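The values are calculated or read from the model by the stated rules, or taken from the named source; none is laboratory data. Quick caveat: nothing in here was measured; it's all calculated off a predicted structure. Every residue, glycine as well, gets a Cβ built from its backbone with ideal geometry; the counts of neighbours run over all protein chains shown. In case anyone asks, the SASA skips ligands and DNA or RNA and just uses the protein heavy atoms, side chains included. Shrake-Rupley method; radii C 1.70, N 1.55, O 1.52, S 1.80 Å.
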Amino acid sequence: MALGKNSSVSKTGRTIVLILAGAALGTLMGFGVSKYSELLKPLVQPLIKLDFPLNTYLDFFFLSFSFGFTLNISASTLIGGFFGYWIASRW
């Protein structure tokens, strides 16, 4: 069943996607700006670092997988996420 334009599920999904896209773009812009400006380097330093090395391996004869998770959140990531939320609330 197709969801309508005014559906709350559609709006929630769009908000989440825009927040994640804003966070990704904020991180990319932060790294780009920090390469040229020493003053803005602290924007890219991780404020929060979550590391979950699960050390779980799935090994086949021809393919191997390892599972783990690392998340670095910096000030530029937060600024981009807030900007994505602002766009989602106005849209």
- [ ] Would you be able to tell me the number of residues in segment 60-77 that are open to solvent by less than 80 Å² (accessible area, probe 1.4 Å) and outside any strand (DSSP E or B)?
- [x] 4
- [ ] Name the residue, out of 15, 27, that is touching a residue at least 60 places away in the same chain (Cβ under 8 Å), within 16 Å of the chain's Cα centre (by Cα), surrounded by 15 or more Cβ atoms within 10 Å (Cβ to Cβ) and assigned to a helix (DSSP H, G or I).
- [x] 15
Open item on the list: Restricting to segment 1-12, name every residue that is in a loop (DSSP other than H, G, I, E, B) and either open to solvent by 40 Å² or more (accessible area, probe 1.4 Å) or modelled with pLDDT of 85 or more (or both).
Closed with: 1, 2, 3, 4, 5, 6
TODO: Name the residue, out of 85, 57, 36, that is in contact with a strand residue (DSSP E or B) (Cβ under 9 Å, 6 or more places away or on another chain) and open to solvent by 90 Å² or more (accessible area, probe 1.4 Å).
DONE: 57
